[in-house]
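One structure is given here, and the rest of the page talks about it.
Each value in this text was obtained by applying a stated rule to the coordinates, not by laboratory testing. A quick note: this is a predicted structure, and the numbers were derived from the prediction, not measured. Cβ sites come from the backbone with ideal geometry, for glycine too, and all protein chains shown count toward neighbours.
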Amino acid sequence: MILIVDFGSQTCHLIGRRVREMGVAVEIVQPEEALIKIRQFQPTGIILSGGPSSVYSKEALLVDEKIFDFGIPVLGICYGLEVMGHLLGGKVAPGKKREYGPTAFSLKKDSALFADWGKNKKKFTVWMSHFDQVVRPPKGTHIVGSTSTVRVAAFADEKKKLYGIMFHPEVHHTEYGGEILKNFVMGICQGSPLKGKRKISEIKKYIKDKIGKKKAVCALSGGIDSSVSAYLAYQVIGKNLTCFYVDTGLMRKGETEEIKDTFKNKLKLPMVVVEAEDDFLKALKGITDPEEKRKAIGETFIRVFEREGEKIGARILIQGTIYPDVIESKGTEHAQRIKTHHNVGGIPTKHGFKIVEPLRSFYKDEVREIAEELGFPKDLVSRHVFPGPGLAVRIIGAVTREKLDILRRADEIVVEEIKKAGLYNDIWMAFAIFTGVKSTGVAGDERKYGETIALRVIESKDTMTADWVRLPYELLARISERIVTEVFEVVRVVYDITTKPPATMEWE
Ligand code: XMP
């Protein structure tokens, strides 16, 4: 797949069409989202289109220069070449004369971009449309071709697979334009997707740049996102990192013990457990509004961390925020807030920490891939997502110790049965919800007015959408039967058959 960054070129879609004609998929993206899309799509090559801007103007459209660090081949066309020249240490300046239309191009040096036919055709007609030009090629590149007015009409760094051409290969009038694009897409770009190892070194570099030699604390939730963040941070900053696991009292049955065992014995990551159940229940007392709950939890978390961070003199907090958390909490400019994920929008703005989120631009499946690459235990890699605010967002209405206890017992049955049926690894999440709806039942000839538990079993790939799982009836029956007999307070079990959208995965 080729990712095309659109700098506003009139012919951007035409580049896409030419690539598609070779049977290769294309994704056209805006410059400001280029980095995130590279991580999402893992393209085999990147094309920077032309565009009307000037790289040295105040409003210049540019890309994050990290896009050149992935080892993915890049081809800059016209303005795209100027962007490369500007960001990679060359020099761009206004030309002496505007150049539009046909120009004679002379090939000065062999290059993979002009391979095969280029040897015999040292001079051919290309179409240009520019005023600025690169006057000094970027570091590590050499001039491959010139025109009578543009000395740097093509440059290349064959080792890093970075190429820039001043003319438009996508337009019909450029001689050999199709061959040039084909050399790039089918030749140069073969087999260079952004794999796990490369993502790991990128994340480590990010952590090093952000934290350096300072002390940091990391909030471990027991989930894969914070575990990967902490693990990589530990590899980079070592003893300067202290990991905390806050036992909020909102965890599932046996979870705290499991987490302690994983970090201590399997990942060998030093961890401090902070008992804070009372703090959280106090903060949640009487709150029924979902957003208020999330904010109360976020606030309590940060205060606990401030307290612990102060003890060791750490002012940096590492969190396992991933991209869907950011977007659903309105972390991008045009997105609406769906819910306040505690590790993004839910924490109060005033606190004593600088927040570092190494996985902020990654999706869950990418984080799992990284965890596998790091050799994490299988049960941790495939562990279902559990929200930061824990069971508090699975209890409708005010949160109390009694409700938590009922929900924990019902939830354990759901997960146990799903595992027994061999379905755990195929689905995104399976959990119980304390609906807060009381209904009438009958037990042993007596009226029993009790709780209603809902089941939510869903599959998803990227968090943004989800479908409910068509569980076998026998399995549903077994779960229901076990809950109403083993969890005495419950008289009714219902199955949530709603997709996301319009529902979200969690009920709150
Ligand atoms: P929703 O309910 O928004 O959930 O469709 C999408 C995924 O995100 C998890 N989730 C959270 N994770 N902090 C987290 O770390 C949160 O505040 C939070 N809220 C929801 C949810 O479990 C699901 O997998």
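Which log10 I(q)/I(0) values, to two decimals, does the stretch 217-312 give at q = 0.12, 0.16 Å⁻¹ under the Debye formula with one point per Cα? Reported log10 I(q)/I(0), two decimals: -0.40, -0.70. Note on Gln235/Arg98: beta-carbon distance plugged into 1/(1 + (r/R0)^6) with R0 of 60 Å gives a FRET efficiency of 0.70. List, in the order given, every pair from Lys210/Lys293; Lys204/Lys260; Lys108/Lys159; Lys239/Lys260; Lys182/Lys461 whose Cα-Cα distance in the structure shown is over 29 Å. Result: Lys210/Lys293; Lys182/Lys461 exceed 29 Å.
At q = 0.22 Å⁻¹, what is the log10 ratio I(q)/I(0) for the stretch 128-192, with the Debye formula run over Cα points and no solvent? Here the Debye-derived log intensity ratios amount to -1.02. Orientation-averaged projection of the stretch 200-381 equals 10.4 nm² [convex hull of Cα atoms, one quarter of hull surface area]. Label zone of Ser57 (point 7 Å out along Cα→Cβ, amide N under 15 Å): in the stretch 124-146 this covers 130-133. Ordered from longest to shortest, the equivalent ellipsoid semi-axes for the stretch 362-506 are 29, 16, 14 Å, each the square root of 5 times a Cα gyration tensor eigenvalue. Across the stretch 2-188, the fraction of Cα-Cα pairs farther apart than 29 Å, rounded to a whole number, is 11%. Shown for Thr147, Thr125: other C-beta atoms within 10 Å of each C-beta, ranked fewest to most, produce the order Thr125, Thr147. Computed from phi, the 3J(HN,Hα) profile of the stretch 264-275 under the Karplus parametrisation 6.51, -1.76, 1.60 (θ = phi - 60°) reads 6, 8, 9, 8, 6, 10, x, 9, 10, 9, 10, 7 Hz, with x in place of Gly and Pro. Working from label points 7 Å from Cα in the Cα-to-Cβ sense, the Glu459 to Val135 distance is 6.0 nm. Shown is the FRET efficiency for Glu27 and His172, computed with R0 = 25 Å from the Cβ-Cβ distance and rounded to the nearest 0.05: 0.60. Shape annotation for the chain: C-alpha extents along the principal axes are 96, 53, 38 Å, from largest to smallest.
Label zone (Arg20, point 7 Å along Cα-to-C-beta; backbone nitrogen cut-off 18 Å) within the stretch 139-180: 170-172, 178.
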